[in-house]
Amino acid sequence: ASPDEVDGVVPWTELTRATVEYTEDGVTATFPAQIAALDGTRVTLAGFMLPLEAQRRQNRFVLTSSPPSCFFHVPGGPSGAAEVLAPDGIEVTWDLVVLEGVLKTLQSSEQGVVYQLLDAQLKK
């Protein structure tokens with residue numbers, strides 16, 4: 001299933017409408033009004049996990065808009081991914097996951113991240 005086909009999610013087709021520019025210090029982003037309005041609110045995102053640690057449960061990972069096909073390249077670029085911070089950890093899976101958390105939009109980032117999902121948890 002496509003992440004955008006899951007009921008109640010913020011669709012990646014909207015998230016990827018952010019304009020991203022690469023700078024010497026990372027990236028800067030400009031968000032469409034409807035996405036900027038979601039900053040700091042609790043949202044649901046669906047996507048594919050890109051683990052960052054060699055652990056079964058991930059407290060920090062990248063959620064991507066499409067399945068990762070190459071470990072060294074994040075699918076969809078900066079606006080097609082979100083850094084996820086999950087205090088309780090989420091078990092690694094290669095299947096589509098649906099997460100709920102607080103969306104943070106970052107207008108500038110040294111790490112190349114323009115979205116974060118804070119206090120994330122798996123939605124049942």
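The values are calculated or read from the model by the stated rules, or taken from the named source; none is laboratory data. Computed from a predicted structure; not experimentally measured. FYI the Cβ positions are ideal-geometry reconstructions off the backbone, even for glycines, and counts take in every protein chain you see. Each accessible area value is taken on the protein alone, full model and side chains, heavy atoms only, with ligands, DNA and RNA left out. Shrake-Rupley method; radii C 1.70, N 1.55, O 1.52, S 1.80 Å.
Mind checking which residues of the stretch 1-44 are of a type in the set (Gly, Ala, Ser) and farther than 21 Å from Ser108 by Cβ?
Ala1, Ser2, Gly8
Tell me which residues, restricted to the stretch 11-20, are part of a strand (DSSP E or B) and surrounded by 16 or more Cβ atoms within 10 Å (Cβ to Cβ).
Across the stretch 11-20, the qualifying residue is only Val20.
Would you point out which residue out of Ala29, Ala33, Ala37, Ala46 is among the small types (Gly, Ala, Ser), in contact (Cβ under 8 Å) with a residue 24 or more places away in the chain and either within 12 Å of Val114 (Cβ to Cβ) or open to solvent by 60 Å² or more (accessible area, probe 1.4 Å) (or both)?
Numbers: Ala33 fails: in contact (Cβ under 8 Å) with a residue 24 or more places away in the chain; Ala37 fails: in contact (Cβ under 8 Å) with a residue 24 or more places away in the chain; Ala46 fails: either within 12 Å of Val114 (Cβ to Cβ) or open to solvent by 60 Å² or more (accessible area, probe 1.4 Å) (or both).
Criteria check complete, one pass: Ala29.
Report, by residue number, each residue of the stretch 21-56 that is within 15 Å of the chain's Cα centre (by Cα) and in a strand (DSSP E or B).
Ala29, Arg42, Val43, Thr44, Leu45, Ala46, Gly47, Phe48, Met49, Leu50, Pro51
When only residues in the stretch 83-123 that are of a type in the set (Asp, Glu) and surrounded by fewer than 20 Cβ atoms within 10 Å (Cβ to Cβ) count, which is nearest to Thr64 (Cα to Cα)?
Initial filter on the stretch 83-123 (of a type in the set (Asp, Glu)): 83, 88, 91, 95, 100, 110, 119.
Of the ones still in play, those that are also surrounded by fewer than 20 Cβ atoms within 10 Å (Cβ to Cβ) are 88, 91, 95, 100, 110, 119.
Values: Asp88: 20, Glu91: 16, Asp95: 12, Glu100: 15, Glu110: 19, Asp119: 17 Å.
This residue is Asp95.
Within the stretch 49-62, restricting attention to residues that are of a type in the set (D, E, K, R) and touching a residue at least 24 places away in the same chain (Cβ under 8 Å), which residue is surrounded by the most Cβ atoms within 10 Å (Cβ to Cβ)?
So, considering only residues that are of a type in the set (D, E, K, R) and touching a residue at least 24 places away in the same chain (Cβ under 8 Å), the one surrounded by the most Cβ atoms within 10 Å (Cβ to Cβ) is Arg60.
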